[in-house]
1. Grab the beta carbon distance between residue 128 and residue 204, set R0 = 35 Å, and tell me the FRET efficiency rounded to 0.05.
2. Mind checking the angle between helix 19-31 and the chain's longest principal axis? C-alpha axes, 0 to 90 degrees, to the nearest 10.
3. Using the charge dipole of the chain (Lys, Arg: +1 at Cβ; Asp, Glu: -1 at Cβ; taken about the Cα centre), state which of 216, 261, 114 has its Cα farthest towards the positive end.
4. Please state the shape class of the stretch 189-273: rounded when a/c is under 1.5, otherwise prolate if a/b exceeds b/c and oblate if not, all from the C-alpha gyration tensor.
5. If the only charges are +1 at each Lys and Arg Cβ and -1 at each Asp and Glu Cβ, what is the size of the charge dipole of the stretch 240-421 around the Cα centre, to the nearest 20 debye?
6. On C-alpha positions alone, give me the angle between the axis of helix 363-374 and the longest principal axis of the chain, in degrees, nearest 10.
7. Only Lys, Arg, Asp and Glu count, each charged at its Cβ (+1, +1, -1, -1), so figure out the dipole size of the stretch 109-152 about its Cα centre, rounded to 20 debye.
8. With everything on Cα atoms, drop me the angle between helix 75-88 and the longest principal axis of the chain, reported from 0 to 90° to the nearest 10.
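The values are calculated or read from the model by the stated rules, or taken from the named source; none is laboratory data. On a predicted model such as this, the values are computed, not experimentally measured, just so you know. Using ideal geometry, Cβ is built from the backbone for each residue, glycine included, and neighbour counts are taken over all protein chains shown. The accessibility values were calculated without ligands, DNA or RNA, using every heavy atom of the protein model including side chains. Shrake-Rupley method; radii C 1.70, N 1.55, O 1.52, S 1.80 Å.
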Amino acid sequence: MGSHLPQALPAPLPPPADPQRLDALAADLRAAGMEPLRGAGPLAGLAADGFVYSPVLQPLLQGLAPQLGVRAQSTEQVRQVAAACARHGVSLTLRGAGTGNYGQAVPLAGGLVLELSGLTRLRSLDPHTGVFTAEAAMPLAELEQRLQAQGREPRLLPSTVRSASLAGYVAGGSSGIGSLRWGFLRDPGHLLGLELVTLEPEPRLLQLDAAAAAAINHAYGCNGIITALTMASAAAVPWWQLVVAFERWDDALAAAQRLPATALLLQSLCVLEGPITPLLPWPQGCPAGMAGQHRLLLLAAPDALPALGALLPALGGTLLWQAPQGESRGVPLRELTWNHTTLHARAQEPGFTYLQLLLPQPEGAALAALRQRWGADLLWHLEGVRGFGQQRLACLPLVRWRGREALQQLIDHALELGCLLFNPHAITVEEGGLGVVDADQVAAKAAYDPAGLLNPGKLRGWWERPQAPG
Ligand SMILES: Cc1cc2nc3c(=O)[nH]c(=O)nc-3n(C[C@H](O)[C@H](O)[C@H](O)COP(=O)(O)OP(=O)(O)OC[C@H]3O[C@@H](n4cnc5c(N)ncnc54)[C@H](O)[C@@H]3O)c2cc1C
């Protein structure tokens with residue numbers, strides 16, 4: 001099997017822009033009413049993201065920074081930035097809130113970083129269908145509040161909902177709270193259209209339908225600048241947060257397999273192996289974790305509570321705590337799930353890193369085989385998802401870092417067992433997904449970023465395309 005862990009930045013990367021070009025670009029931005037950011041201090045906040053969770057990515061990405069930064073307040077200013085970058089041949093990397101996990105928003109070759117700070121409006125919400133159009137930099141927390149006020153809610157949210165932006169989530173994320181019901185962001189039906197600015201000397205402002213928008217979804221901003229998104233929403237539910245304890249791991253796993261196969265309305269299901277639980281900051285009133293006790297975290301509809309009350313003891317679980325979402329104090333339960341589990345655990349024990357796997361079914365056999373070989377170097381963190389039309393379990397195990405070779409061997413073993421890897425130690429769009437080039441993403445880059453200036457080095461299919469300059 002080939003290596004899944006990069007040793008160097010992907011090639012080929014353009015050289016950083018020379019000072020004359022930068023000066024000319026900065027002058028154009030000023031002329032368009034924007035104040036370019038220059039120098040280590042002002043640019044520091046535009047450089048990094050959550051790649052520090054990967055000891056493989058950290059030495060490669062640490063210290064990489066843009067040469068120039070700018071914040072656009074309107075779609076017209078976005079067009080002006082795109083035109084100026086195209087004219088001067090300076091690369092452009094989009095940035096939302098900078099919460100990506102793999103350096104998605106970290107510029108590999110300097111250039112300019114653009115935040116769409118002023119584009120935060122909810123443009124429309126259809127009261128009959130729930131379809132909404134929101135601008136790219138809309139904070140997800142605000143989007144959630146605005147939809148809830150109209151009886152709707154986002155179908156999917158990352159556990160970074162309190163900080164992340166809508167376009168950053170669609171361009172850089174994949175799944176999260178709601179994936180138990182709604183699957184993955186790239187599943188057809190979530191993203192219904194996009195407004196896009198192209199990177200050309202005369203940038204076009206395009207309205208893409210769902211089919212054309214699919215190539216921009218999860219492309220790390222490599223093939224167009226998203227200025228607004230049209231998406232489906234769900235009917236709002238006043239979710240309840242539940243924490244359930246299990247003495248036996250097999251019971252916890254069986255409950256995670258059984259509950260999504262009921263008629264209970266659940267938004268999120270997360271299982272944490274005992275030793276992870278003392279590392280997490282539980283909501284106020286919820287007992288602290290104990291290494292010998294596994295936990296199931298649920299977001300459930302109010303009408304599911306009586307049935308859960310009867311079902312959980314039969315599955316070997318004990319309800320420890322419950323509270324309505326939004327009304328508990330301390331960290332909300334959803335901020336203990338997905339990559340927030342990794343974040344909190346690393347805050348206590350920085351020697352942990354992680355993997356992202358979709359487990360083969362039945363899941364128990366793969367987990368047992370991994371445990372047998374890797375012992376306590378792996379701690380189980382499972383998330384219920386709907387994948388390929390079926391209820392599945394994703395696994396985001398905490399992994400004790402024992403060096404590159406050991407991590408590569410662990411990945412090889414997981415692949416041999418039939419796991420699908422969503423590699424969090426990779427830089428390109430392809431390696432972070434299923435490893436294959438998406439020809440539609442590459443064609444969209446050719447159409448909307450013909451000079452290849454957007455987020456260079458992140459789309460492998462671009463430099464591997466047959467007509468790429470040798
Ligand atoms: C603790 C933690 C927990 C996380 N949990 C989840 C989770 O549950 N689910 C999940 O999917 N992800 C998760 N992530 C990853 C990340 O938080 C999400 O993907 C998030 O939504 C990214 O949004 P952002 O605004 O921070 O985007 P950024 O990180 O700023 O950008 C992400 C990508 O989008 C591109 N981009 C930004 N704006 C635009 C635009 N206007 N047009 C085109 N491209 C653009 C950027 O260039 C970059 O490639 C987690 C990360 C951390 C650190």
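1. Working: r = 31 Å, r/R0 = 0.90.
E between residue 128 and residue 204, to the nearest 0.05, is 0.65.
2. Once rounded, the angle reads 90 degrees.
3. It is 114.
4. On the way: a/c = 3.88, a/b = 2.75, b/c = 1.41.
Because a/c hits 1.5 or more and a/b exceeds b/c, the stretch 189-273 counts as prolate.
5. With Lys and Arg at +1 and Asp and Glu at -1, about 140 debye.
6. 80
7. Charge dipole, the stretch 109-152, about its Cα centre: 120 debye, nearest 20.
8. 60
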